[in-house]
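Here's the structure we're looking at; comments come further down.
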Amino acid sequence: MKEICDRTRDLGPFEPKPGDDQIVCRCEEVTQGEIRRAVHDGLFTIAEIRRYLRCGMGLCQGQTCSRLVKGIVARELGVSPDELEPASSRAPMRPIEMSVFAKEAERDER
Amino acid sequence: MSDKTSDVIVVGAGIIGCATAYYLAKKGVSVTILEADEVIGNGGSTRNGGGVRQSGRDPRELPLAMYAVKNLWPTLSEELGADVEYCQGGNLRLGKTERHLEILRGLRDKAVALGLDMRMIDGDEVRAINPYLSEEVIGASWCPTDGHANPLKATYAYYTAARRLGARFYSGCPVLELRKVKGELRQVVTPEGTFEAGSVVVAAGYDSRKILNTVGIDVPMSNVLIEALVTEMEPPMFKQMLGTADADFYGHQTSHGSFVFGGDSGFETVNEDNGHDRTTSVTAPAICRGILRYIPKLANAKIVRTWAGFEDVCIDGVPVLGPVDEVPGLVVACAFTGHGFGISPIVGTLLAESALGEPTTLDISAFRYDRFAARA
Amino acid sequence: MNRTDIIVVGAGPAGMSAAIEAAKRGAHVTVFDENSRPGGQLFKQIHKFFGSKEHHAKIRGFVIGEELMEEAARLGVDVRLDSTVIGLYQDKEVVVREGEEVSHHKADAIVIATGAAENMVTFEGWTLPGVIGAGAAQTMMNLHGVRPGERVLMLGTGNVGLVVSYQLKQAGCDVVALVDAAPRVGGYGVHAAKVARTGVPFYLSHTIKRAEGTDHVTGVTIAQVDSHFQFVPGTEKHFDVDTICVAVGLSPMSQLFKMDGCKVVDDRKKGGQVPVVDDLGETSTPGIFAAGDVSGIEEASSAMIEGRIAGLAAAEYLGFIDKDEMDKAVVANDAALDGLRQGMFAPKNRGKLVTTTEEGIPVSQSLLEHGYVADDEIARFPGVTRRVGIHPVIECTQNIPCNPCQDACPKHCIKVGDHITQLPAVEANSACIGCGMCVASCPGQAIFLVDEKDEEGFADVTLPYEFLPVPAKGERGVALGRDGSPVCEAEVVSVRQTRAFDHTALLTMRVPADMAMRARFFRAGSAGAAANETSAAAATAAAE
């Protein structure tokens, strides 16, 4: 069983670290400390961290912070970042206004 | 994994499984939760629209929703030690035509008969409650005690709270088989080994079907892929949960400002089920068109994400809940048909009671597994 | 639903190359790009490219971009700009935003060449305005003609950090320091050396402790880190800056593959999450191909070759050519790609410490630790020879895949040899005529002409100069050493600018004879005066 799947694993008490007040996800203003604490609370996968804290779920869709968040979670769990499943990628690849998404172009004859 | 024996095993770590585990752990019962996915709550629990709604429910289900809204949701954040963003902002179900209003009146009549505060209001009153709604809306049903919460926060709040109380969660651990010992369900077989317990709660969404099949139980349900979307953060606009008589969209504004909306393209029932939860190229645009007909002000709100999720749709529209007489030791909770989130706190409570053979807080006989019968 | 043979996502070097190869074989190709200008990063690249002459060496990036666009246009490729691909859906369907509406397009093959995005690091104050990606700074300068700031600190000594630092200097910014947490310079030594000789100090084993300022950056404090990347107390250094550029690597933008369900893996050597592809760039979804940085961070040169291979493979997949024809064309491209993937900086050597060159010469430690080859190290390299009279001095000390100097010399004085990564050597009996073609052709600006006139007590040093204003003949100033510190007074005795030099001015300065092998840059004015130069190439790029 993968380490991240055994949720009975006790990571020990949460110890504050320097940099915990630093923002990691700037779109949703999530700090390093919040991410570390969530891992200690049993949220061991990137998907769970994103859904619980919203980091990587803002306007840039994690383009900036994904790698950083992954690094923090992996460090907290004592695993390699490669072992963590990447966050899913969902449309739209770039934010799009509702009115634009709603409007389908006529088929072009070019 | 060391300890494979516990009082109760819960199969499925969605919000139903996590809530059940929480209420069991709170009673001091040892509980093991087995989740097939690597991610906790990766099914409908974290993909739904977050409605905590009583109005529009099937009369069989309404007492559960009313109980949850009255007794559980208001204190849930406090109870679980995490903000589940519960907001009792009311529910407006919108109508644009006389036919729509007819549908809404029908829903109201059923709800009022069971004691729910729900009434019809005209277009002006609708816009007094929510000034962003277009003039096309000519009326709505209004249930002031409905609302919404954050399903992601609620799911993980139940999970983390249960875990703190000692519930043993294993993800990435699919159940291969349920096994009886001397006539009673006692064992759960997984690739990680066989787990044992006095009773087993199966709350695994549509996947419950093949798990239950291993002990000869088959729930008449189908697997339907539906989609939702979320916008960037917007300034606070309204607190109501919205739906429409035409069912062209539903949704609300979350506490952090983004809008979560769901809806459909109309092709859902015939879409190819290729096993993965991929969005289609036509659904989100259709949902957007639906929304903008009612809330034109959102034209420039930017969508940042769309997603899809499976609904376990029951043949008669309400879930299967409770002990299964044919298999002593088995408790079932599936086929929620897309409205399990709002009732999850009470369902968790009821399942915990059922698993321990205690009398249940509410009568759940209407949800029995053996209620289904073929055409006479 | 719109329908075409092949959809290419991304009009950068890889995407355009793929489109061109497929269109040559008769396929209808539509290219979507979210930017208003095609070329991806090419139009930001105002420096000359490395490589061999067959593969655009010594040509400036933006010129390569123009060539690709012209060829695509000739072949009838439909390049749609300001067209953002919103998603890749089932059955090779892309939804594209164009203007204020979306359209649906299906193809029978798709080439995804979406490139990469800049990485970030966090430090106290990293969210302050004024902390920007180096690539963003490059876009501001080279595409929009906007200077990102006045005083800049660069974090990261990979090629991006080095090249952008140089371009910041060209744009007239004061680059106060190049900083890297690693103990050694990450990018090409020649890129480092051309920055170092202008006087920019390198701080290796240092990183940013905090960005200072309340509503924007007003300063930065760096400090030394130990081998575990922990700050060493008492080593803090402060700089007044208004801009901090971050060049800490790129990550492939592989989201479309993930959305499609193509198999992706985390591969640190490739820079992050990349699709699993075969030799032709085909992913686990038949008919969906990857090319360029999105399948692993490399140079634009290799992106173009990967693009060509993917374009050929897509054409074969759709029956526009048979397998034999594809194989033949692919073999040539494979060889070229293999050539580019040699040397000390090859992908396979990423993270490895190379201590000797292929020729067995110890690598300059000073170059790795300070950004320049020390005066007492330079003589050991084969391009560095001394004699009376004019001759080239080639300060190319690392094995990189590049050889335009060899062909530049009309007198065949310079030899790289068949193996493109070998260090250039100056032939012993060569007859240098001082034409300067080698100086202008070297993408690393590592070639100088030295005319040692011992009897007269001075030497003339000719160097490549890409700043504005170009000093005039007769102008006096200071000669700077490889480390950027003043070594002696100097006078400009000639400035040559010809079309063949492609915007690289050849500046010849006269220095005392004993400075012939030390003086490597010219700064107008007295020793203390700050340089105020603007890039000749940048100005040209903007004008064109």
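For the range C:184-324, what is the Kirkwood estimate of the hydrodynamic radius, computed as the reciprocal of the mean inverse distance between distinct Cα atoms, to one decimal in Å?
After inverting the mean inverse Cα-Cα distance, the result is 18.7 Å.
At q = 0.08, 0.09, 0.10 Å⁻¹ the log10 of I(q)/I(0) for the protein assembly as shown amounts to -0.87, -1.04, -1.19, computed by Debye summation with a single uniform scatterer per C-alpha, solvent ignored. Tell me, how many Å apart are the Cα centres for the range A:1-64 and for the range C:125-140? With the range A:1-64 and the range C:125-140 each reduced to a Cα centre, they are spaced 25 Å. For a test of the definition: using alpha carbon positions, the gyration tensor, and the 1.5 limit on a/c, classify chain B as rounded, prolate or oblate. Prolate. Residue exposure proxy: B:ILE129, C:ILE20, ordered by other Cβ atoms within 10 angstrom of their Cβ from fewest to most, comes out as B:ILE129, C:ILE20. The antiparallel fraction among DSSP beta bridges confined to chain C stands at about 65%.
Classification of chain C by its C-alpha gyration tensor yields a prolate form. The axis ratio a/c (a ≥ b ≥ c) is 1.5 or more, and a/b outweighs b/c. Rounded to two decimals, the Cα radius of gyration of the range C:38-125 over 2.2 N^0.38 Å is 1.42. Going from the residue with the fewest nearby Cβ atoms within 10 Å to the one with the most, B:ARG289, A:ARG75, C:ARG74 rank C:ARG74, A:ARG75, B:ARG289. Within 10 Å of the Cβ of each residue in A:21-28, the mean number of Cβ atoms contributed by other protein chains is 3. Per residue of B:163-176, other chain Cβ atoms within 10 Å of the residue Cβ number 3 on average. Computed log10 I(q)/I(0) for the range B:74-160 at 0.16, 0.27 Å⁻¹: -0.72, -1.19, from the Debye equation with unit scatterers placed on every C-alpha and solvent omitted.
Across the range B:66-82, computed HN-Hα scalar couplings (Karplus, 6.51 cos²θ - 1.76 cosθ + 1.60, θ = phi - 60°) run 5, 5, 5, 5, 6, 10, 10, 4, x, 10, 5, 4, 4, 4, 8, x, 7 Hz from first to last residue, x flagging Gly and Pro. Annotation: the residues C:HIS228, C:HIS56, sorted from fewest to most other C-beta atoms within 10 Å of their own C-beta, follow the order C:HIS228, C:HIS56. Divide the volume of the convex hull around the Cα atoms of the range C:120-248 by the residue count and you get 92 Å³ per residue.
Cut-off 14 Å, label point 7 angstrom out along Cα-to-Cβ of C:GLU369: give me the residues of the range C:201-226 whose amide nitrogen falls inside. Those under the cut-off are C:202-206. The Rg/Rh ratio for the range B:174-271, using Cα coordinates for both the radius of gyration and the Kirkwood hydrodynamic radius, is 1.19. Each part gets one Cα centre, and for the range B:253-282 versus the range C:489-514 those centres are 66 Å apart.
Straight-line cross-link reach from A:LYS70 at under 15 Å between alpha-carbon atoms covers these aspartates and glutamates, not counting any fewer than eight positions away in the same chain: A:GLU34, A:GLU48, A:ASP82, A:GLU83, A:GLU85, C:ASP266, C:ASP267. Entry note, chain C: the mean residue ellipticity at 222 nm calculated from DSSP H runs of n ≥ 4, each adding -39500 (n - 2.57), is -6500 deg cm²/dmol after division by the residues and rounding to the nearest 500. Quick one: which of B:LYS4/C:LYS269; B:LYS27/B:LYS110; A:LYS103/C:LYS269; C:LYS58/C:LYS270 span more than 32 angstrom between C-alpha atoms? Flagged as over cut-off: B:LYS4/C:LYS269; B:LYS27/B:LYS110; A:LYS103/C:LYS269.
At q = 0.10, 0.11, 0.13, 0.16 Å⁻¹, what log₁₀ I(q)/I(0) does a Debye calculation on the Cα points of the range A:3-102 give, no solvent, two decimals? Treating every Cα as an identical point scatterer, log10 I(q)/I(0) equals -0.29, -0.34, -0.46, -0.66. Compared with the dominant Cα axis of chain C, that is its longest principal axis, helix C:300-317 is turned about 20°. Measuring spread by the Cα atoms of the range C:171-230 yields a radius of gyration and Dmax of 13.1, 38 Å. Comparing Cα centroids, the range C:393-434 and the range B:326-367 end up 81 angstrom apart. Shielding of peptide B:292-305 by partners, expressed as the average count of other chain Cβ atoms within 10 Å per residue Cβ, is 5.
Using a simple spin-label model with pseudo-atoms 7 Å out from Cα toward Cβ, C:ARG74 and C:ASP418 lie 3.2 nm apart. Between amide H atoms placed 1.01 Å from N, distances below 5 Å from B:VAL332 occur with B:VAL202, B:GLY322, B:VAL324, all of them 5 or more places distant or on a separate chain.
The numbers here are math on the coordinates, done by the rules we state, and not lab data. Because the structure is predicted, anything quoted here is derived from the model rather than measured. Here Cβ is always computed from backbone atoms with ideal geometry, including for glycine, and neighbour counts include all displayed protein chains.
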